[in-house]
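Notes follow the structure.
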Amino acid sequence: MILPLYIVNAFTRHMFGGNPAAVCPLDNWLTDNQMQQIAAQHNLSETAFFVGSDNEFHIRWFTPQTEVALCGHATLASAFVIFSQPDMLSKQIHFTSHSGALSVTHKNELFTLDFPAQPARAVPVDPDIAKALGAAPSAMLIGEDLLLVFDHETDVAQLKPDFAALKSLSYRGILATAPGDQNDFVCRFFAPAVGIDEDPVTGSAFTKLAPYWCQRLEKSVLRARQISARGGDVICELIGDRVHISGAAVLYAKGEIFLQD
């Protein structure tokens, strides 16, 4: 069985920036084990698989270790691949997923994800979390991910987490964020529990970040940068209970997978 494969850098206009995702369009679903093995072979933070046609698709995402319920950058990368097809005339794609209905629109160089907002609730700062990160946040919020708020961009940039300690926590990921020097806010995302020590740019994280920062800054549209080693730029807009997450993308590689039974 020969499968098409694309590697797309999401949330960047630079060849070696943003977050690389592997994208595998399928005519029919592979087994869960096959998709997990392919994701492990790629060893990227996410591999997306989708089945569908026209502008209606079902999408699933796998890290090297597990399937996840929602992934932003691999959805953007998948949309990039679909919109790049010569017979694709629509400017909007509809996905169904484990997290419900999602859509992506394409205008100029930007791809905009329409995702559900996932506000986090404030809780007291856990000293064990601070110890694992190597610095104490000024505030902590809890949801699917743990959101840790720092006072300055440099506080987030200088974090040197103990990944073994973070892996033992019962959260998909740990978000560190602060006001930005040149952007509305900055962030980093650590997810050793699902096999990713630090994710370069995490689209789904903005479903938690946008509600927090829009309320704090009293703005509905924000510009953000994820300050990982590769770095990535995100525009997010809070619209009711949805978040629009926008970014550019660059094709890095295109090829084929030779899958044996």
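The values are calculated or read from the model by the stated rules, or taken from the named source; none is laboratory data. The model shown is predicted, which means the values in this text are computed figures rather than measured ones. Here Cβ is always computed from backbone atoms with ideal geometry, including for glycine, and neighbour counts include all displayed protein chains.
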### Query
Residue check: is residue 38 touching a residue at least 24 places away in the same chain (Cβ under 8 Å) and crowded, with 22+ Cβ neighbours inside 10 Å?
no
### Message
Between 111, 163, which is touching a Gly at 6+ places or on another chain (Cβ under 8 Å) and of a type in the set (Phe, Trp, Tyr)?
### Response
111
### Message
Can you find, within region 47-64, the residue that is nearest to residue 243 (Cα to Cα) among those that are modelled with pLDDT under 95 and within 16 Å of the chain's Cα centre (by Cα)?
### Response
63
#### Entry: region 31-57, residues that are of a type in the set (A, V, I, L, M, F, W, C) and in contact with a strand residue (DSSP E or B) (Cβ under 7 Å, 6 or more places away or on another chain)
35, 38, 39, 44, 48, 49, 50, 51, 57
### Message
Just to be sure I understand the filter: pairs with C-beta atoms under 6 Å, separated by 6 or more residues or on different chains, first member in region 118-132 and crowded, with 16+ Cβ neighbours inside 10 Å, second member part of a loop (DSSP other than H, G, I, E, B) and small (Gly, Ala, Ser). Which pairs pass?
### Response
118/143; 120/143
### Message
Report every pair of residues separated by at least 6 positions or lying on different chains whose Cβ atoms are under 9 Å apart, first residue within region 147-160 and in contact (Cβ under 8 Å) with a residue 40 or more places away in the chain and outside any helix (DSSP H, G or I), second surrounded by 20 or more Cβ atoms within 10 Å (Cβ to Cβ) and β-branched (Val, Ile, Thr).
### Response
147/174; 147/177; 149/177
### Query
residue 90 is checked against (1) among the hydroxyl-bearing types (Ser, Thr, Tyr); (2) touching a Gly at 6+ places or on another chain (Cβ under 8 Å); (3) in a loop (DSSP other than H, G, I, E, B) and fails just one. What number does that condition carry?
(2)
### Query
In region 196-226, how many are under 15 Å from residue 161 (Cα atoms) and surrounded by fewer than 19 Cβ atoms within 10 Å (Cβ to Cβ)?
1
### Query
Being out of contact with any His (no Cβ under 9 Å at 6 or more places or on another chain), assigned by TED's automatic domain parsing to the domain that holds residue 103, free of Cβ contacts under 8 Å to residues at least 24 places away in the same chain and closer than 18 Å to residue 257 by Cβ, is that true of even one residue in region 46-57?
no
### Message
Looking only at residues that are surrounded by 19 or more Cβ atoms within 10 Å (Cβ to Cβ) and part of a loop (DSSP other than H, G, I, E, B) in region 162-182, which one is modelled with the highest pLDDT?
### Response
180
### Summary
Scanning region 201-250 residue by residue, the ones that are charged (D, E, K, R), closer than 21 Å to residue 74 by Cα and outside any loop (DSSP other than H, G, I, E, B) total 6
